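What follows is a set of notes on a single structure, which appears directly below.
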Amino acid sequence: MERRGDLTGGGFGRRRASLTDAPSPPRSANASPAHVFAADDTGRRIAPLRLAGYGFGGLLGMLCIEAMLSGTSLITPIDETLRNVMRGIGLIVGVLLALFTVARPAEPMGALKKFAILLFLPVMTGFVGDQAAWRIADWHAFGLSSAEYHPTSYPITYASHGRRGRRDSFEIDPFDVKSGTDIAVPAAQFEAIWPHHGDYCITVMARRSASGAVEILNDGVFTLREPEPAVLTPCPAAKAGAAGDRGSPWDKKEFRP
């Protein structure tokens, strides 16, 4: 007969389970101390400098996209103070981003790649800042303007053969801005005119603001559809320098707005 002490509380013949000898449940391998979750994962945090750079770069990028889609170009000089300030802001942001990229690279990089980043990134952001200054000046002069456009002829100063996505274009710079405005033309018209482009004027739709700024309708040189034929007329008043330019259009400047 079994002893009473070996029976469970109900007395049904089962042995009492030992409470003191029961093994402890295994500890989960995924369990971690609380302080691990509170650790500061600085490697995944976005640095304030990088965040500011992304914000500024996105803003300037939007300005450039707006310039491409606006269908207008300002051809008169703008305030040099505004231009220099925007260039300076772009340059400073580019320098800071370049230093941050080189100091904390996402992957190892060689000395040549670091040098290229330090050299070209500030130049690119400074260029974008310059383009932003032109758009700001255009908004300031014509944002609320109701002036009408009228046909106006300007001498052609350069001929630029299209490549790398650019359309063939003629350049005008009637107000001596030093960075002319390119006007896209059909390829057939360009081929017929470019050897003597300095003898011609091109007609554009232009308007003038109360401050004297001049804006023209211009779709730019990066267009998907073939440009409409331009109105070209003999231009005796063309600048002597432009009339004497008979160089190849392949030799013209490539990085102009």
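Here are some notes:
- Using distinct alpha-carbon pairs, which all enter the 1/r mean, Kirkwood radius of the stretch 90-240 in Å: 18.2
- Net charge in the neighbourhood of Pro105 (other residues with Cβ under 12 Å of its Cβ; Lys, Arg +1, Asp, Glu -1) is +2.
- Rg followed by Dmax, in Å, when the stretch 88-147 is reduced to its Cα trace: 16.6, 56
- Neighbours of Gln189, meaning other residues whose beta-carbon lies under 12 angstrom from its beta-carbon, give a summed charge of -3 when Lys and Arg score +1 and Asp and Glu score -1.
- Other-chain or far-sequence residues with amide H under 5 Å of Tyr200's (modelled H): Ile156, Cys235
- Estimated vicinal HN-Hα couplings, Hz - the stretch 145-150 in sequence order (Karplus 6.51, -1.76, 1.60; Gly, Pro = x): 6, 10, 5, 8, 8, 9
- Label separation (Ser146 vs Tyr54): 4.4 nm, computed from points 7 Å beyond Cα along the C-beta direction.
- Proximity of backbone amide H atoms, modeled 1.01 Å from N, is registered between Asp168 and Gly162, Val185 at under 5 Å, excluding neighbours fewer than 5 places apart on the same chain.
- Solvent-accessible area assigned to carbon and sulfur over the stretch 146-237 amounts to 57 percent, based on a 1.4 Å probe.
- Backbone HN-Hα couplings from phi across the stretch 86-103 [Karplus 6.51/-1.76/1.60, Hz, Gly and Pro as x]: 5, 4, x, 4, x, 5, 5, 4, x, 5, 5, 5, 5, 5, 5, 5, 6, 6
The values are calculated or read from the model by the stated rules, or taken from the named source; none is laboratory data. From a predicted model like this one, the values you see are computed outputs, not experimental measurements. Methodologically, a virtual Cβ is constructed for each residue, glycine included, from the backbone with ideal geometry; neighbour enumeration extends over all protein chains shown. Ligands, DNA and RNA are excluded from the accessible area calculation, which covers all protein heavy atoms including side chains. Shrake-Rupley method; radii C 1.70, N 1.55, O 1.52, S 1.80 Å.
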